[in-house]
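The values are calculated or read from the model by the stated rules, or taken from the named source; none is laboratory data. Computed from a predicted model, the values in this text were never measured in an experiment. When we count neighbours, we look across all protein chains shown, and the Cβ atoms used for this are built from the backbone with ideal geometry, even at glycine. SASA here: full protein model, heavy atoms, side chains in, ligands and nucleic acids out. Shrake-Rupley method; radii C 1.70, N 1.55, O 1.52, S 1.80 Å.
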Amino acid sequence: MEKIVIRGGNELYGDVYINGMKNAALPIIFATILTADKCIIENVPRVSDITMSFEILREMGASVNYLDETTVEIDTYALVGGNSPYNIVQRMRGSTYLLGAELGRFKKSKVAYPGGCNFGTRPIDMHIKGFQTLGATVTEDDEYVYADAPNGLVGNSIYFDKVSVGATVNIMLAATLADGLTVIENAAREPHIVDLANFLNTCGADIRGAGTGIIKITGVEKLHGCTYDIIPDMIEAGTYMTAVAATGGEVNIRNVIPKHLEIISTKLSEMGVEVRAFDDYITVKSNGKLRSTNIQTLPYPGFPTDMHPQFSTLLAIADGSGTVYETIWQNRFKYVAELEKMGASVMVNEPFAAFRGVEKLHGASVAAVDLRAGAAIVIAGLVAEGTTEVTNIYTIERGYLDIVGKLKSLGADITKIYIDENAFI
Ligand code: EPZ
């Protein structure tokens, strides 16, 4: 087991490079199932959720090889559907994309219920409704979801009652090789949806409207392989922007698409942080003195739920009172107990939290309760007085590549240490 140890108080200066986006890479990795040709995917972040997805593909018969640190060749020619490894699939959310991809290529699918960050119920009813609208029969038992369309899927109109990234991805995957036109209404508009559409279109699909609320997919006979570069991770970028805002300092956040970071930049500016956008980098400058604000999470282009915990750390130390209203994952507040151990003043009444900014946080032994909460607690450690020890750090490593090395290179006093559990026996 490992933990992160931080001695707070250092400002951050320098340049940090942002990796490819985990939540764009996952659907694209599973989308390679739709073609029996080889695909080369570039700018793939080597984080544990991604390596788990490769393990799933390998166990299903695909070959997955790193050509360099961030480029991967995937060949699903020999992949067999319906045999994904239960023990890995149920540890990650992105594996739901196997349903749409297997249905598309094999006309049937069997996939274990997916896991992922635990912030309450994470239903897949809209994915299932979408598959049924395309003509699949879907059944479930305690462990698996089964989908079957022996005569193939047929394009249709699907309206989602709620905006869902996962359901939009799954229907795009299933409809790409379906017969005729599928129209998704109230589709998710996140940059990773556009990235998936661009990847599929590069492989020969016919998908229009990605990035708007209406996506039109005209089914094609077959996809071919391609080489594709994943977009930069806006949440990783936003996390480092928040870290600089909290500690003070000046950092260039490199390899980003500033357009994807507009809301985060606007909110930081509101809090008194100087943010300047250039072609492919953003400069964040802060004196560490923040004004409080109110946040409401919304689907893109609204404020991203995956940036809520990191902004909570800012609200915990900002001048005045601020609130978070979480409209996507109403139970995403488990990390508040950890912030309170560090001296934060918070009242939670899910889906709301109210913060009264304190002068100083203090170091404590805390846990990373999920991926973004873990990043938030690391940021709290960077500004806290004294030493903070963060356990459960595998949750952070699901989505942040070398967070310790990157923060250290900016001047943070942060290390990862190995805990010998036997020492306590
Ligand atoms: C994706 O999860 C991301 N995960 C999450 O990022 C992110 O928080 C979320 O989108 C929202 O942006 C991946 O991309 C792997 P949804 P997903 O379907 O697709 C409800 C991170 O930290 N819903 O958009 O599972 C659902 O309960 C992770 O990187 C239904 O009711 O999210 C939620 O309230 C955490 N029925 C809302 O929709 C359904 O069938 C949005 O969920 C599906 C979803």
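Could you calculate the contour length gain from D280 to A78, that is, 0.36 nm times the residue separation minus the distance between their Cα atoms, to one decimal place in nm?
On the way: separation 202, 0.36 × 202 = 72.72 nm, distance 3.88 nm.
Full extension from D280 to A78 adds 68.8 nm.
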Practice item. Calculate what fraction, in whole %, of the accessible area of the chain sits on carbon and sulfur atoms when a 1.4 Å probe is rolled over the protein chains. Key: 48
Point to revise | Normalised alpha carbon radius of gyration of the stretch 197-298 [divisor 2.2 N^0.38 Å] | key: 1.42
Check your understanding: To the nearest 10 Å², what's S292's accessible area with a 1.4 Å probe?
Key -> 30
Check your understanding: So what's the gap between the Cα centers of the stretch 290-327 and the stretch 330-361, to the nearest angstrom?
Key -> 11
Check your understanding: When N counts the residues of the stretch 95-239, how does its alpha-carbon radius of gyration compare numerically with 2.2 N^0.38 Å, as a ratio?
Key -> 1.01
Check your understanding: Helix 234-247 sits at what angle to the longest principal axis of the chain, using alpha carbons and giving 0 to 90 degrees rounded to 10?
Key -> 0
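Take the Cβ-Cβ distance between T266 and R356 as r, set R0 to 25 Å, and report the resulting FRET efficiency rounded to the nearest 0.05. Each step should come with its number before you reach the end.
Details: r = 23 Å, r/R0 = 0.94.
According to the calculation, E is roughly 0.60.
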Study note, to complete from the structure: Helix 191-202 sits off the longest principal axis of the Cα atoms of the chain, rounded to the nearest 10 on a 0 to 90 degree scale, by 30
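Using heavy-atom solvent-accessible surface (probe 1.4 Å) with all chains present, what is the largest-first order of D206, D49, D125, D15?
Details: D206 45, D49 10, D125 95, D15 65 Å².
Output order, biggest surface exposure first: D125, D15, D206, D49.
How big is the antiparallel share of DSSP beta bridges in the chain, given as a percent to the nearest 5? Can you show the working numbers first?
On the way: 56 of 79 bridges.
In the chain, DSSP labels about 70 percent of beta bridges as antiparallel.
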Study note, to complete from the structure: Distance in nm between R58 and F106 label points, each 7 Å along Cα→Cβ, equals 2.0
Point to revise | Cut-off 11 Å, label 7 Å out along Cα→Cβ of S157, residues of the stretch 178-200 by amide N | key: 183-185
Practice item. Give me the angle, in degrees from 0 to 90, between the Cα long axis of helix 48-59 and the longest principal axis of the Cα atoms of the chain, rounded to the nearest 10. Key: 20
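Could you provide, to the nearest whole Å², the per residue accessible area of the chain with probe 1.4 Å? Numbers along the way, then the final one.
Details: 16620 Å² over 425 residues.
Averaged over the residues of the chain, the accessible area is 39 Å².
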**Study point:** Low-density loop cleavage sites - chymotrypsin sites (Phe, Trp or Tyr not before Pro) in the stretch 1-101, where at most 15 other Cβ are within 10 Å (DSSP)
**Key:** Y77
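Return the inverse of the average 1/r over all pairs of distinct C-alpha atoms in the stretch 1-95, which is the Kirkwood hydrodynamic radius, in Å to one decimal.
15.0
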Exercise for review: Please calculate the 1.4 Å probe accessible area of D142, with all protein chains present, and give it to the nearest 10 Å².
Suggested key: 150
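For a distance above 41 Å, tell me the whole-number percent of Cα pairs in the chain that qualify.
On the way: 14455 of 90100 pairs.
So the portion of pairs separated by more than 41 Å is 16 percent.
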